[in-house]
Amino acid sequence: GISEIIDEGMKLPHTTMRSPYGPDTLCLEICGKQFALFDLSAEWDFYNVKSVPELSFRLRDRHITINPAFHMNKTHWNSVDIHSFPIHVHAAILRHAYMQTLKGLPKKTRIALFGSLEEFEHQYSASILRLESILLDIMEDHILNDHNKQEYPPMHTAEHIVNGEMARRLSLIH
């Protein structure tokens, strides 16, 4: 449930939580910058997370339970259904959101947290690859999002999806 997902986010180093929008909304932050928002009222079955735009679009293409974020910048944020994935997938989604938020912080902050910019870049890239790899592993549950059929017409055919997945899998192997 939502508490397990929040617990996964709180395992990330230097993560803090607060409720700047009232008692029913919990934000996870790193250095005062939000990377995930949760509804605590149980009115909504999703949470919002930050993401690199290109990855956001790919995730939305592949999974009906990942959508443009509710009440957020839809280029940089996704809404993820709480019940859609096992906890390790939510942990990978949160780790990527955390790393994406860190990428926007000053270089000196990233160096202080990771020891060097190279180490940060390595972990940032690894967070993207890990998330894509985990989500590829659960593709048998894939349902194309109707919203994206209209926005990205080439992705609506099974042939394009299969070809894209084969190319992505091969690129992860090499």
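The values are calculated or read from the model by the stated rules, or taken from the named source; none is laboratory data. Just so you know, these numbers come straight off a predicted model, no measurement behind them. All accessible areas refer to the heavy atoms of the entire protein, side chains included, with ligands and DNA or RNA removed. Shrake-Rupley method; radii C 1.70, N 1.55, O 1.52, S 1.80 Å.
The overall shape of the stretch 1-98, judged from the alpha-carbon gyration tensor, is rounded, with an a/c ratio under 1.5. The accessible-area ordering, largest first, of the residues 50, 108, 74 stands as 108, 74, 50, per a 1.4 angstrom probe. When 21, 124 are compared by accessible surface with a 1.4 Å probe, the order from highest to lowest is 21, 124.
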